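Nothing in this text is a laboratory measurement; each read-out follows from the coordinates by a stated rule. Everything numeric in this text was worked out from a predicted model, so none of it was measured. Please note: Cβ atoms are built from the backbone with ideal geometry, for glycine as well, and neighbour counts cover all protein chains shown.
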Amino acid sequence: MAAKVVKDLSEDFLICCICMKQFRSPKMLPCIHSFCEECIEKYAAKQPGDEVPCPTCRQVCSLPETGVKGLQTNFHLINLVERVNLLERLTSTEECASVCDSCKSFDAEAFCVDCNFAICSKCKGQHALFPILQSHSVIPLKQLNDPKFQQEWKTARSPFCALHPSEKLQFYCKTCSKLICRDCTIVLHSKPQHEYTEATSQFNDSKQELNSLLENSVPQLEKAVCYNKDGNVSVVALNKSKEEIEIEITNHCKEMIKEIRKIYEKQKQDMLEEITARIEPIESRVQSADDWIKRMQTTQEITRKIIRENNPWELMSLSSRSYKCF
């Protein structure tokens, strides 16, 4: 929806990646990724110590002494959210036309950038009667998507100081590298300890410096993209090589197991044949000895019986055979 209202704005640009909702009081980490203050507060509470890995890029960032509240507020996102919500509300169809924020009675026909009010034609006329309001930029609703309005909005909607809510951040402290208000120049950023200048004067210098940094970063980014691309290609190639080598090792292992199995079976068979060849003659001798023992036991038993009966005729008739059995 936002992309339809503000050109060159992606659908998720104004969405916090933690809560997946539109930014609320966005705070910016040193890596310049932004999150809702409440979201990053809860996220940081789960991290050990004062260091927080960015939920987007995983860069470890150190929190200031005041914690998440001390992080820089992303006024750019705040202005974008306000502008998108405003344009969505004011550029609706006639059936859902916006009501005048001043009188609440008639349909709005214009928008005062300085007051951040949608006003009807009647209130627009009254608006111009007050000298203090005559310098305000009042734009017809039909021209809200005009690039000129976008610039007027950016100029008029300068952020207010968190320490002095009624004062706009109209100065820039070069010592602290931050926007400050008029009261801050007296209380917290006074000279000579601090060097400050008007924000409009610093704007061109900062813009030029950022353009220079941006220009220098282009070839670095291109180099990093190429490096990343080559790295991904190498990873793909290595993974493919890993799979091929794994298959080769598996097949080789199977062949080795197969050969080892053959050697095992052959050695086992040779062992069985050798043991069998050694057992057979022993078993034959054992069997012969067993037969002789049985015959001897029988001969002894018969001989003892004849001797006990003490019959000369039986003893004499069997003695010749008994001699041969011993």
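Couple of notes before you dig in:
- Long-range amide H partners of Lys178 with built H, under 5 Å: Cys173
- Semi-axes of the equivalent ellipsoid for region 175-240, computed as √(5λ) from the eigenvalues of its C-alpha gyration tensor and ordered from largest down, come to 46, 14, 8 Å.
- The chain, helix-only ellipticity at 222 nm - DSSP H runs n ≥ 4, -39,500 (n - 2.57), divided by all residues, nearest 500: -19000 deg cm²/dmol
- Karplus-derived HN-Hα couplings along region 118-133 (A = 6.51, B = -1.76, C = 1.60, θ = phi - 60°), whole Hz, x at Gly and Pro: 8, 10, 7, 5, 5, 5, 5, x, 5, 4, 7, 6, 7, x, 5, 9
- Over all orientations, the chain has a Cα convex hull whose mean projected area works out to 44.1 square nanometres.
- Global form of region 97-150, assessed from the alpha-carbon gyration tensor, a/c cut-off 1.5: oblate
- Listed values for region 183-193 are Karplus-derived 3J(HN,Hα) couplings in whole Hz (6.51 cos²θ - 1.76 cosθ + 1.60, θ = phi - 60°), namely 5, 5, 5, 9, 8, 9, 10, 6, 7, x, 5, and x replaces Gly and Pro.
- Taking Ile132, Ile302, Ile32 as the candidate residues, the one with maximal mean-square fluctuation in a Gaussian network model of the chain, Cα springs under 10 Å, is Ile302.
- Given 10 as the ceiling on other Cβ atoms within 10 Å, longest exposed-site-free region of the chain for GluC sites (Glu not before Pro) in DSSP loops: 66-326
- Reachable aspartates and glutamates from Lys191, criterion Cα separation under 16 angstrom, eight or more residues apart if same chain: Asp183
- Distant-in-sequence amide H partners of Val99 (H built 1.01 Å from N, under 5 Å): Ala108
- Residues of type aspartates and glutamates that Lys268 reaches as a straight line, Cα spacing below 15 Å, ignoring anything fewer than 8 places off in the same chain: Glu259
- Of Lys242/Lys266; Lys148/Lys207; Lys46/Lys229; Lys21/Lys229; Lys69/Lys174; Lys27/Lys174, pairs whose Cα-Cα distance is over 27 Å: Lys242/Lys266; Lys46/Lys229; Lys21/Lys229
- Residues with amide H under 5 Å from that of Phe117, placed H, sequence gap 5 or more: Cys112
- Calculated FRET value between Thr303 and Ile282, using beta carbons and R₀ = 35 Å, to 0.05: 0.65
- Coarse-grained scattering of region 1-90 at q = 0.22, 0.23 Å⁻¹, given as base-10 log I(q)/I(0) from a Debye sum over alpha-carbon atoms: -1.04, -1.11
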